[in-house]
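The values are calculated or read from the model by the stated rules, or taken from the named source; none is laboratory data. Please read all numbers here as calculations on a predicted model, not as lab measurements. Note: ideal-geometry Cβ built from the backbone for every residue, glycine included; neighbour counts use all protein chains shown. The accessibility values were calculated without ligands, DNA or RNA, using every heavy atom of the protein model including side chains. Shrake-Rupley method; radii C 1.70, N 1.55, O 1.52, S 1.80 Å.
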Amino acid sequence: MAEFGKEFTSKMAVANFNHGRWSDLEVKPVGPLSIHPGTHVLHYSSTCFEGLKAYQWADGSIHLFRYADNIKRLQNSAAALCLPVPPYELLDQAIIAAVKAVKTEIPQLPGALYIRPTLIGTEVNVGAAGKGSTEAMLYVLTSPVGDYFAGGVRALKILIDDVNMRSTPKFGQVKTGGNYAASLGSVTRARAEFGADQVLFCPNGQVQETGAANFMLIKDNTLITKGLDGSVLPGITRSSILQIAAQQGYEVQETDYTVQELLSWLPTAEAFLSGTAAVLSPVGSMVYQGQEYPVGDGQIGQKSMQLKAALTGVQTGVLEDVFQWTTQLN
């Protein structure tokens with residue numbers, strides 16, 4: 001299978017907001033978008049998106065995972081960016097139509113169909129720096145995917161950055177391209193200088209999240225992660241893992257903690273990243289001020305993998321969905 005996100009299916013779903021109303025949804029072949037050079041999104045980053053997956057279970061049925069939560073988060077992002085907020089019903093229809101249109105292109109397990117609903121401001125006005133776009137396009141693109149990190153499941157190396165922020169304050173909860181662009185320089189330098197896979201942003205020594213995923217740590221029988229205060233993305237995979245961990249008897253702590261506390265916990269801890277694309281990716285070492293610190297024994301953590309197996313078991317129909325997270329498409 002191609003590198004994650006570089007292969008696409010044949011069709012997408014599209015709707016436009018003009019003159020105060022949304023157009024009917026259209027399913028059409030995937031192809032270039034035609035937009036004016038003065039389009040709002042190109043100048044003022046009026047864009048937000050979601051990432052979710054559909055799975056083809058062993059019996060051939062297709063199931064979406066927690067897509068209602070993605071719809072609500074996209075609506076919240078749109079409102080924060082002063083974009084026309086698509087109605088829940090439109091987003092629901094667009095996601096389902098996009099998946100149904102490419103049912104024959106969904107890979108078998110352990111692959112999945114990655115779904116990318118995207119909203120962009122399409123008003124043609126380079127003078128609109130101080131106001132939201134009054135026009136918008138919603139499209140849902142899909143991609144057959146395998147593992148997010150090259151080489152499959154492996155212990156990642158993470159650089160701790162205690163200076164820079166991943167996003168502007170209180171805007172980390174918005175899933176917008178600008179947040180990812182802001183972290184690119186740090187992640188690129190970390191990869192070149194330290195061979196790191198990602199950067200854990202810890203401005204003023206306070207642990208937040210990485211450039212593309214939430215960060216979690218298991219210490220004894222406690223699962224620790226940064227609380228939702230607007231600085232980190234309210235990840236749907238994050239939420240799922242916290243609920244599964246609580247079900248399995250872990251004490252779940254959503255709390256503030258420092259880099260120094262994190263470093264003191266690492267020798268006997270497990271750590272991992274969570275997100276729709278990565279699902280759950282174990283961390284084997286962390287680099288801070290030029291020194292590399294192993295997480296536990298530096299290998300893939302057993303407790304982390306048990307949590308991942310519980311989550312993917314629900315997503316793929318292997319385990320009972322006691323949380324009612326999956327939705328079968330007719």
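Looking at the stretch 72-163, what strands (runs of 3 or more DSSP E) fall wholly within it and have at least 2 residues that are touching a strand residue (DSSP E or B) at 6+ places or on another chain (Cβ under 7 Å) and farther than 27 Å from residue 32 by Cβ?
Hits in the stretch 72-163: 156-161.
Here's a check for you: in the stretch 134-186, which residue that is open to solvent by 30 Å² or more (accessible area, probe 1.4 Å) and among the hydroxyl-bearing types (Ser, Thr, Tyr) is nearest to residue 23 (Cα to Cα)?
139
Report, by residue number, each residue of the stretch 52-82 that is within 21 Å of residue 23 (Cα to Cα) and touching a helix residue (DSSP H, G or I) at 6+ places or on another chain (Cβ under 8 Å).
71, 72, 74, 75 - these are the residues of the stretch 52-82 that are within 21 Å of residue 23 (Cα to Cα) and touching a helix residue (DSSP H, G or I) at 6+ places or on another chain (Cβ under 8 Å).
Taking residue 168 and the conditions (1) part of a loop (DSSP other than H, G, I, E, B); (2) more than 29 Å from residue 56 (Cβ to Cβ); (3) touching a residue at least 60 places away in the same chain (Cβ under 8 Å), which numbered condition does it fall short on, given that it satisfies the others?
The one condition residue 168 does not meet is (3).
Conditions (1) of a type in the set (Val, Ile, Thr); (2) without any contact (Cβ under 8 Å) to a residue 24 or more places away in the chain; (3) in contact with a Lys or Arg (Cβ under 8 Å, 6 or more places away or on another chain); (4) surrounded by fewer than 22 Cβ atoms within 10 Å (Cβ to Cβ), marked per residue:
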site: 196; (1), (2), (3), (4): no, no, yes, no
site: 230; (1), (2), (3), (4): no, no, yes, yes
site: 241; (1), (2), (3), (4): yes, no, no, no
site: 267; (1), (2), (3), (4): no, no, no, yes
site: 280; (1), (2), (3), (4): no, no, yes, no
site: 296; (1), (2), (3), (4): no, no, no, no
site: 304; (1), (2), (3), (4): no, no, no, no
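Counting only residues that are among the aromatic types (Phe, Trp, Tyr) and in a loop (DSSP other than H, G, I, E, B), which one in the stretch 1-32 is farthest from residue 134 (Cα to Cα)?
So, considering only residues that are among the aromatic types (Phe, Trp, Tyr) and in a loop (DSSP other than H, G, I, E, B), the one farthest from residue 134 (Cα to Cα) is 4.
Quick one: in the stretch 248-262, of everything that is touching a residue at least 60 places away in the same chain (Cβ under 8 Å) and part of a helix (DSSP H, G or I), which residue is farthest from residue 310 (Cα to Cα)?
The qualifying residue farthest from residue 310 (Cα to Cα) is 259.
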